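Q: Questions regarding the structure given below will be posed in turn.
The values are calculated or read from the model by the stated rules, or taken from the named source; none is laboratory data. Small disclaimer: the values here were computed from a predicted structure and weren't measured. A quick note on method: Cβ atoms are made from the backbone with ideal geometry, for glycine too, and the neighbour counts reach across all protein chains shown. These area figures cover heavy atoms from the full protein model, side chains too; ligands, DNA and RNA do not enter into them. Shrake-Rupley method; radii C 1.70, N 1.55, O 1.52, S 1.80 Å.
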Amino acid sequence: MTKNDFAVVGQPLPKVDAWAKVVGETRYADDFFLPRMAYAKLLRSSHAHARIRAIDTARARAVPGVYAVVTGADLPPVKFGILPVSQDEEALCTDKVRMVGDPIAAVAAVDEETAEQACRLIDVTYEAQPALMSIFDSLAHPEVRIHEYGDGPNVHKNVALQFGDVDGALAGADLVREDVFFFEGNTHLPMEQHAAVAQWASDGKLTLWSSTQTPHYVHRVLAKALDTPAAHIRVIATPVGGGFGGKTDPFSHEIVACQLSKLTGRPVKIALTREEVFYTHRGRHPVLMWIKTGFTRRGDITGCHLRTWLDGGAYGSYGVASTFYTGVINPVTYKIPVYKFEGARIFTNKPPCGPKRGHGTPQPRFALECQLDKAAEQLGLDPADLRRRIVAEPFTKTANHLTVTTIGLGECIDKVVEASDWRAKRSRYGVTAAAQGGSREEGSEPPSPKRPGIGIACSAYMTGAGTAIYWNDMPHSGVIVRADRSGGVAILCGATDIGQGSDSVLAYLTAEVLGLEPVDVQVFPADTSLTPVDLGSYSSRVTLMCGMATIQAAGRLRDAIFKAVARKLEVDPAALVARERKIGVSADWDKAVSFARAVELGEAMHGVLAFPGSYAPPKRAGKYKGGGVGPSPCYSYSACVVELTVDEETGVVDLRDVWVAHDVGRALNPLLAEGQVEGSIYMGIGEALMEEQVFRKGLHKQPSMLEYKSPTTLETPEIHTILVETDDPEGPFGAKEVGQGPLLPVIPAIANAIHHALGIRIDEVPITPDKILKALELKRRGKPARVGPERLPLFTFKKPVVVESAFGQPADTIGVRPFQS
Amino acid sequence: MKVRIALTVNDELHEALVPVHKTLLEVLREDLGLIGTKHGCELGECGTCTVLVDGKPVLSCLALPLEAEGRRITTIEGLAEGARLHPLQQAFAELGAAQCGYCTPGILLTAAALLSERPGPTRQEVKEALAGNLCRCTGYTKILDAVELAALRMERIRT
Ligand code: FES
Ligand code: FES
């Protein structure tokens, strides 16, 4: 279809929930105040690693206004976790705490203050154990065990995959580079702190309102952790005030609020403080990386070998998936004929890491893109040209057996190169230009210490995980579309709007198919008792998966209505079109009936009009162990150019402009797609230059918004977004993801631009002024001007699963998937 | 200890009996039911809880209601004139400047204060006015665009 065939798709429309948001009517979880509601607080561990010897709640119970106090002993003795293979969390710790902030007990009281005061009166006897605060610590002390399970002492996961003869390919290369990088952890920092309200009613049924991105998984975990039939539990995801992956795990406070409601017979609210949000975390893993890549003289990659060590924190969370993601997505971008990946996730006594925007892929992306920049320099090639040359082939397979469909990366590179005036600036700015006497600033004023530079990087990201978190053959996404004689259309879908606009996309697609305006469609999202299951707002899956299910359901409704209208107008249903809130034959539009009338005819012919739509991704898991992580219906592509100055005297980086061209497949709403790109760029800038989640003696160093630095309006540069459309056969009207991918290239593009400005390499993020000054100092002393990790852990990876490389093979069948007809 | 307070919020007089140490944020949300005011830190660090007191942006999580007695408090619920949206609200909705929408009330009020004091601000002035309001979703781009659009429309109405 071309753009002109659409009425709603492609229009820069307001979001359907925009009006409620600008007048302050949207009700987030903490905005729920129910009659008789109690307020609860969690008592959290002050130790990073300790045995719990005793918990005495007597003094807390005696506080006037306290309704109930619970400890782990009051809950069913089960462990939970988001992944079936990592069921290692307790809602309230019973025998051991593994991080500062681990929940131990909870109090429900008449108000928050009373609950807090009572929490302080709970006496916990700890027996401290050594706290392991880094990958190196944890590997050096196998005698101290954070968990009893895993792939070795303090090793949560150890994976090794090999596709083809990598050593051979490296031996035959003209240039082999070996580089080491470190990506410090950082956190989501959503503006809304997590909150949950539970109401365990007297009929034995439980309702939980929560700021969660994954009501379906919370539903499953509540059933397990509370030992209650899932059929009696209803989870409603309230509009989420920012998630970015931080509200994707089921959390202790959600379970505890339910239990307290059961005990008190009252609704119970738990709202986390900002400090608690920092400890709850599940954000970006700190990752240490070693990458060895072979190149031909012309810049082609002959093979690549990547090793990653993830600092996982105290629990599993999504960590097994995160570990794979540090390895499996890189080959989607460029031609990499053979590939080897070894990864390990190490437990430490810090808050567990999990998925943050880009889940596991920004770190290896940083490594690969910085290494490409270094290789280009050594080979005397322009880094944009090098990348342009090695872009992967559409509709083929990667070395690690992933089917890629459309690839707009070449066009993305061309667009950012042109928009940024890359070629002129590349030769005008930078150290080489300066050495040749190239002018940096105009006029005869004293030379400014601000050195300009420009850098480039690219990336790819998945549009939804091809496999579910728990093994099943059911839909990943479902919707019901219903219409009645009022002419109104309702769509019910388990998707959760976290600000990305999923409610709007559901309305746009329904309206498009039925010839309506989005305002005619009522969206009912994210209620496990009413809406068909959607797995959640993660892995950039919602637009594609819910979108495809919506198109199917709305199409079925349209077909039923067309049948009835066709009989009335005495025409062939195939001749009918739906547009402008009418249904009729184009050539005879005067006879077209109103949509409401058409529904009446439909109801009279078929009875109630309610139709399901189901979506599950094509089954493309690679036929090897571990082949389930990485497949996606299609991949988005991004290219980024950053222009900046670096102050040689202070080390301060000043971003001027950022250009990102993003292959979104099709922009269902360009305004919202741009918004996702802009937000991604912003978040990438924070990660590149300032954000870090670091600890000292078990404690978070900056658990507040003042100390944890994030970009304000003043640090955010002018952002230029270019949307590239490739009309992917797997996506709804051709759409691919846009919510995460554009973050990925920003970080290495900044690092590469800094190198262009000053000739220094900072192989570690965040790139703070002190690191820049240190590199400049090294340069002055004639040493290699690099700041980055100096050592790697002593660690034995598993014997790799060796599989033939599938590089260049034709893609698996496109457009074939379950529930299609 | 509880005190009786009288607050003029959005041109309406409210009376409440509240513990002395309760913040203006808490009183607005919990006692007056004005849940449009949000919070991101309750420590004066994020700007999310901004309301206007006599037209000036104030962090309600740091303000005590007693200090606001006898002054004009405006919350997001009072930004529209009856059913007529403020041009800023209109522009924010049209341009997609509210993603999750959680920072939006605080940003709208801060921007409203700016525009009433300084019609037709430069982009840099808008950035400076909003530098104390964090937003994690938008990269600020559409927010700045929307403030500029609203300023332009307000200018047109005036002339
Ligand atoms: S909640 Fe008041 S400044 Fe953050
Ligand atoms: S729109 Fe989500 S924090 Fe600003």
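Q: Could you tell me how many of the residues in segment A:163-212 are touching a Leu at 6+ places or on another chain (Cβ under 6 Å), surrounded by fewer than 23 Cβ atoms within 10 Å (Cβ to Cβ) and under 24 Å from residue A:686 (Cβ atoms)?
A: Going through segment A:163-212 one residue at a time, the tally reaches 1.
Q: For segment A:779-795, how many residues are out of contact with any Lys or Arg (no Cβ under 7 Å at 6 or more places or on another chain) and either open to solvent by 30 Å² or more (accessible area, probe 1.4 Å) or not assigned by TED's automatic domain parsing to the domain that holds residue A:343 (or both)?
A: Residues that pass the stated criteria total 11.
Q: Looking at this structure, is residue A:156 within 14 Å of chain B (Cβ to nearest Cβ), more than 16 Å from ligand 1 (Cβ to nearest atom), crowded, with 20+ Cβ neighbours inside 10 Å and of a type outside the set (A, V, I, L, M)?
A: Against the criterion (within 14 Å of chain B (Cβ to nearest Cβ), more than 16 Å from ligand 1 (Cβ to nearest atom), crowded, with 20+ Cβ neighbours inside 10 Å and of a type outside the set (A, V, I, L, M)), residue A:156 does not qualify.
Q: Pick from segment A:499-524 the residues that are within 14 Å of chain B (Cβ to nearest Cβ) and open to solvent by 30 Å² or more (accessible area, probe 1.4 Å): which of them is nearest to residue A:554 (Cα to Cα)?
A: If we take residues in segment A:499-524 being within 14 Å of chain B (Cβ to nearest Cβ) and open to solvent by 30 Å² or more (accessible area, probe 1.4 Å), then A:519 is nearest to residue A:554 (Cα to Cα).
Q: Another question, then. Inspect segment A:321-329 for any residue being at pLDDT 95 or above, open to solvent by less than 10 Å² (accessible area, probe 1.4 Å), among the hydrophobic types (A, V, I, L, M, F, W, C) and closer than 19 Å to residue A:89 by Cβ and give the result as yes or no.
A: No, there is no match, as no residue in segment A:321-329 is at pLDDT 95 or above, open to solvent by less than 10 Å² (accessible area, probe 1.4 Å), among the hydrophobic types (A, V, I, L, M, F, W, C) and closer than 19 Å to residue A:89 by Cβ.
Yes/no per residue for (1) closer than 23 Å to residue B:30 by Cβ; (2) not small (Gly, Ala, Ser):
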residue	(1), (2)
A:56	no, yes
A:72	no, no
A:76	no, yes
A:86	no, no
A:90	no, yes
A:98	no, yes
A:101	no, no
A:116	yes, yes
A:122	no, yes
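Q: Separate question: Looking only at segment A:310-318, decide whether some residue is open to solvent by 20 Å² or more (accessible area, probe 1.4 Å), modelled with pLDDT of 95 or more and either acidic (Asp, Glu) or not assigned by TED's automatic domain parsing to the domain that holds residue A:791 (or both).
A: No, because not a single residue in segment A:310-318 is open to solvent by 20 Å² or more (accessible area, probe 1.4 Å), modelled with pLDDT of 95 or more and either acidic (Asp, Glu) or not assigned by TED's automatic domain parsing to the domain that holds residue A:791 (or both).
Q: Residue B:157 is checked against (1) at pLDDT below 95; (2) open to solvent by less than 10 Å² (accessible area, probe 1.4 Å) and fails just one. What number does that condition carry?
A: Evaluating residue B:157 over (1) at pLDDT below 95; (2) open to solvent by less than 10 Å² (accessible area, probe 1.4 Å) leaves (2) as the failure.
Q: I would also like to ask the following. Which residues, counting only those in segment A:466-498, are among the β-branched types (Val, Ile, Thr) and either more than 18 Å from residue A:545 (Cβ to Cβ) or open to solvent by 10 Å² or more (accessible area, probe 1.4 Å) (or both)?
A: Hits for segment A:466-498 are A:467, A:469, A:480, A:489, A:498.
Q: Quick check on this structure: which one of B:91, B:98 is more than 19 Å from residue B:52 (Cα to Cα), away from ligand 2 (no atom under 14 Å from the Cβ) and buried (at least 24 other Cβ atoms within 10 Å of the Cβ)?
A: Values: B:98 fails: away from ligand 2 (no atom under 14 Å from the Cβ).
Step by step, each of B:91, B:98 is checked, and only B:91 is more than 19 Å from residue B:52 (Cα to Cα), away from ligand 2 (no atom under 14 Å from the Cβ) and buried (at least 24 other Cβ atoms within 10 Å of the Cβ).
Q: I've got another one for you. Residue B:26 passes all but one of (1) open to solvent by 30 Å² or more (accessible area, probe 1.4 Å); (2) assigned to a loop (DSSP other than H, G, I, E, B); (3) within 12 Å of chain A (Cβ to nearest Cβ); which number fails?
A: Only one criterion in (1) open to solvent by 30 Å² or more (accessible area, probe 1.4 Å); (2) assigned to a loop (DSSP other than H, G, I, E, B); (3) within 12 Å of chain A (Cβ to nearest Cβ) is unmet by residue B:26, namely (2).
Q: Kindly establish whether residue A:292 is over 21 Å from residue A:81 (Cβ atoms), assigned to a strand (DSSP E or B) and within 14 Å of another protein chain (Cβ to nearest Cβ).
A: Criteria not met by residue A:292.
Q: Right, next: Among strands (runs of 3 or more DSSP E) lying entirely in segment A:20-84, which contain 1 or more residues that are away from chain B (no Cβ under 14 Å) and of a type in the set (Val, Ile, Thr)?
A: Here the list reads A:50-56, A:66-71.
Q: Another question, if that's okay. Please pick out the residue among A:198, A:169 that is more than 16 Å from ligand 2 (Cβ to nearest atom), in contact with a strand residue (DSSP E or B) (Cβ under 6 Å, 6 or more places away or on another chain) and under 25 Å from residue A:536 (Cα atoms).
A: Criteria check complete, one pass: A:198.
Q: Something else: In segment B:72-79, is there at least one residue being within 16 Å of ligand 1 (Cβ to nearest atom), more than 11 Å from chain A (Cβ to nearest Cβ) and in a loop (DSSP other than H, G, I, E, B)?
A: No, segment B:72-79 contains no residue that is within 16 Å of ligand 1 (Cβ to nearest atom), more than 11 Å from chain A (Cβ to nearest Cβ) and in a loop (DSSP other than H, G, I, E, B).
Q: Please find, among A:327, A:313, A:299, the residue that is on the phi > 0 side of the Ramachandran plot and in contact with a strand residue (DSSP E or B) (Cβ under 8 Å, 6 or more places away or on another chain).
A: A:313
Q: So, one more: Going residue by residue through segment B:118-126, is there one that turns out to be open to solvent by less than 10 Å² (accessible area, probe 1.4 Å) and either hydroxyl-bearing (Ser, Thr, Tyr) or not assigned by TED's automatic domain parsing to the domain that holds residue B:58 (or both)?
A: Yes, some residue in segment B:118-126 is open to solvent by less than 10 Å² (accessible area, probe 1.4 Å) and either hydroxyl-bearing (Ser, Thr, Tyr) or not assigned by TED's automatic domain parsing to the domain that holds residue B:58 (or both).
Q: Taking the condition within 14 Å of chain B (Cβ to nearest Cβ), at pLDDT 95 or above, open to solvent by less than 10 Å² (accessible area, probe 1.4 Å) and in a helix (DSSP H, G or I), does residue A:711 pass?
A: no
Q: Among B:43, B:34, B:64, B:52, which is the only one that is within 16 Å of ligand 1 (Cβ to nearest atom), more than 11 Å from chain A (Cβ to nearest Cβ) and open to solvent by 20 Å² or more (accessible area, probe 1.4 Å)?
A: Values: B:43 fails: more than 11 Å from chain A (Cβ to nearest Cβ); B:34 fails: more than 11 Å from chain A (Cβ to nearest Cβ); B:52 fails: open to solvent by 20 Å² or more (accessible area, probe 1.4 Å).
None of the others qualify; the one that does is B:64.
Here is a yes/no grid of residues against (1) basic (Lys, Arg); (2) within 20 Å of residue A:677 (Cα to Cα); (3) within 16 Å of ligand 1 (Cβ to nearest atom); (4) within 11 Å of another protein chain (Cβ to nearest Cβ):
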position	(1), (2), (3), (4)
B:112	no, no, no, no
B:123	yes, no, no, yes
B:136	yes, yes, yes, yes
B:143	no, yes, no, yes
B:151	no, no, no, no
B:156	yes, no, no, no
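Q: Tell me which residues, restricted to segment A:340-395, are aliphatic (A, V, I, L, M) and in contact with a Cys (Cβ under 7 Å, 6 or more places away or on another chain). Spell out the reasoning first.
A: Of the residues in segment A:340-395, the ones aliphatic (A, V, I, L, M) are A:344, A:346, A:367-368, A:372, A:375-376, A:379, A:381, A:384, A:386, A:390-392.
Once the filter is applied, which keeps residues that are aliphatic (A, V, I, L, M) and in contact with a Cys (Cβ under 7 Å, 6 or more places away or on another chain), segment A:340-395 yields nothing.
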